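A short worksheet on the structure shown next.
The values are calculated or read from the model by the stated rules, or taken from the named source; none is laboratory data. Given the structure is predicted, the values throughout are model-derived calculations rather than measurements. Using ideal geometry, Cβ is built from the backbone for each residue, glycine included, and neighbour counts are taken over all protein chains shown. Please note that ligands, DNA and RNA were not included when accessible areas were found on the heavy atoms of the full protein model with its side chains. Shrake-Rupley method; radii C 1.70, N 1.55, O 1.52, S 1.80 Å.
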Amino acid sequence: MVAPLPRQMHVFVRDWLSSNNILLKSPDGHVLIDTGYVRHAPLTLALLRSQRGLGNAPLTKIVNTHCHSDHIGGNATIQRAYNCGIALPEGEAPLIARWDTKALWLDYADQRTDRFAADEILCAGSTYIWGNLEWRAIMAPGHDMGALVFYNPEYRILISGDALWENGFGLVMPRAVEPDALPATRATLDTIAALDVRVVIPGHGQAFTDAAAALARAYARVAAFEADDARVARHALKVLLTFQLLDRQRMPVADLPAYVEHVGMFRDINAACLRLPPDALAELLVRELVRAGAVSVQDEFLVPN
Ligand SMILES: [Zn+2]
């Protein structure tokens, strides 16, 4: 950990398939923020039960920054194990209640999670006490229009989810598909820039202290996206495909044209922004991901690096 955190706070840094898990301990009840991807749920539970985690102590509550599969995938498993509550941002709770698999980017993005129900709603502007610390919930739309970030003024810690990473932020929908997403992304960066932040705990990657530098990189990306909606589209599709490969571990290259034609999020983004035939889109994604070093082609299979 690069930045010292209050001792009741522990961050399990995970990967790109599973979000980080943040444990906030307190005699009033332990709280876990975000639970990773469903395929990693047994590992998340094991981390939670380890000596660095809770040991034999109970978990009172799960909190989610937003409701994408890499943040909520362990909710059902962990709730079953601990009989704990689940608190969701107010913008996300209705999607979970009606299990809107399109808005949640589940089957729409060919992603999975186990179903669960919320029992507490978190509202922007409200302050919550988790781990004996005050956390202000702040609206952070963009990557996810219902997302919240959590800010502790005492230690100047920001739990940023996928609204701000050390290098960028979670994928944003092109304006041709979701007109509000990119403007909201910029507005959220403005909101974060107005906070006095000493350390950021992002949804993915290590905690970091230079929030100003991260914001500068994020603003530069927003500006590049604002100038070119097709670039936003290609970026989103590459992120989605890489995520899928991390889940499956491999996919036949020959299956990719049918895949991008049948999975809704690929189909819609392509139709709105790129308008490529499926085999041309598949070829473009493979070429750019290989060039970026994110994936390799081995024996006619696409594998993540
Ligand atoms: Zn995420």
Can you sort GLU226, GLU90, GLU300 by 1.4 Å-probe accessible area, starting with the largest? GLU300, GLU90, GLU226
Beta carbons within 10 angstrom, averaged per residue: use that to sort the peptides 189-196, 268-275, highest first. 268-275, 189-196
Measuring from the longest principal axis of the C-alpha atoms of the chain, the long axis of helix 278-291 (C-alpha) lies at a number of degrees, nearest 10, equal to 60 degrees
Taking the chain and counting helices only, DSSP H stretches of n ≥ 4 at -39,500 (n - 2.57) each over all residues, the nearest-500 ellipticity at 222 nm comes to -10000 deg cm²/dmol
Using a 1.4 angstrom probe on the protein heavy atoms only, could you order LYS102, LYS61 from most to least accessible area? LYS102, LYS61
Once you sort the root eigenvalues of the Cα gyration tensor of the chain as a ≥ b ≥ c, which label holds: rounded (a/c under 1.5), prolate (a/b larger than b/c) or oblate (the other case)? prolate
Tell me whether segment 35-146 comes out rounded, prolate or oblate; compute the Cα gyration tensor, take square roots of the eigenvalues as a ≥ b ≥ c, and use a/c under 1.5 as the rounded threshold. oblate
About the Cα centre, and with charges only on the beta carbon of Lys, Arg (+1) and Asp, Glu (-1), how big is the dipole of segment 213-305? Nearest 20 debye, please. 340 debye
Please say if segment 97-182 is rounded, prolate or oblate, where rounded means a/c under 1.5 for a ≥ b ≥ c the square roots of the C-alpha gyration tensor eigenvalues, and otherwise the choice is prolate for a/b larger than b/c and oblate otherwise? oblate
Taking the 0 to 90 degree range and rounding to the nearest ten, how far is the long axis of helix 181-193 tilted relative to the main principal axis of the chain, both from C-alpha atoms? 40 degrees
With +1 at each Lys and Arg Cβ and -1 at each Asp and Glu Cβ, the charge dipole magnitude of the chain around its Cα centre, to the nearest 20 debye, comes out at 620 debye
Nearest-20 debye value, segment 18-103 charge dipole, Cβ charges on Lys, Arg, Asp, Glu: 300 debye
Please give the per residue accessible area of the chain, computed with a probe of 1.4 Å over protein heavy atoms only, in Å². 41 Å²
Rounded to the nearest 10 degrees, what's the angle between the helix 211-227 long axis and the longest principal axis of the chain, both from Cα atoms, 0 to 90? 30 degrees
Can you tell me the FRET efficiency between ARG287 and TYR219 if r is taken as the Cβ-Cβ distance and R0 is 25 Å, rounded to the nearest 0.05? 0.30
Length released on extending from GLU134 to ASN167, taking residue separation times 0.36 nm less the Cα-Cα span: 9.2 nm
Residue separation times 0.36 nm, minus the C-alpha to C-alpha distance between ASP28 and VAL297: what's the value? 91.7 nm
Just read off the accessible area of GLU134 with the full protein assembly in place, 1.4 Å probe, to the nearest 10 Å². 100 Å²
CYS123 accessible area, assembled protein chains, probe 1.4 Å, Å²: 40 Å²
Candidate lysines - alpha carbon under 27 Å from LYS25, same-chain residues fewer than 8 apart omitted: LYS61
Probe radius 1.4 Å, ligands and nucleic acids ignored: give me the carbon and sulfur share of the accessible area of the chain as a rounded percent. 51 percent
Here the gain from full extension of ALA230 to ARG275, 0.36 nm per residue of separation minus their alpha-carbon distance, amounts to 15.2 nm
1/(1 + (r/R0)^6) with r = Cβ-Cβ of ASN56 and ASP210, R0 = 41 Å, i.e. FRET efficiency to nearest 0.05, evaluates to 0.60
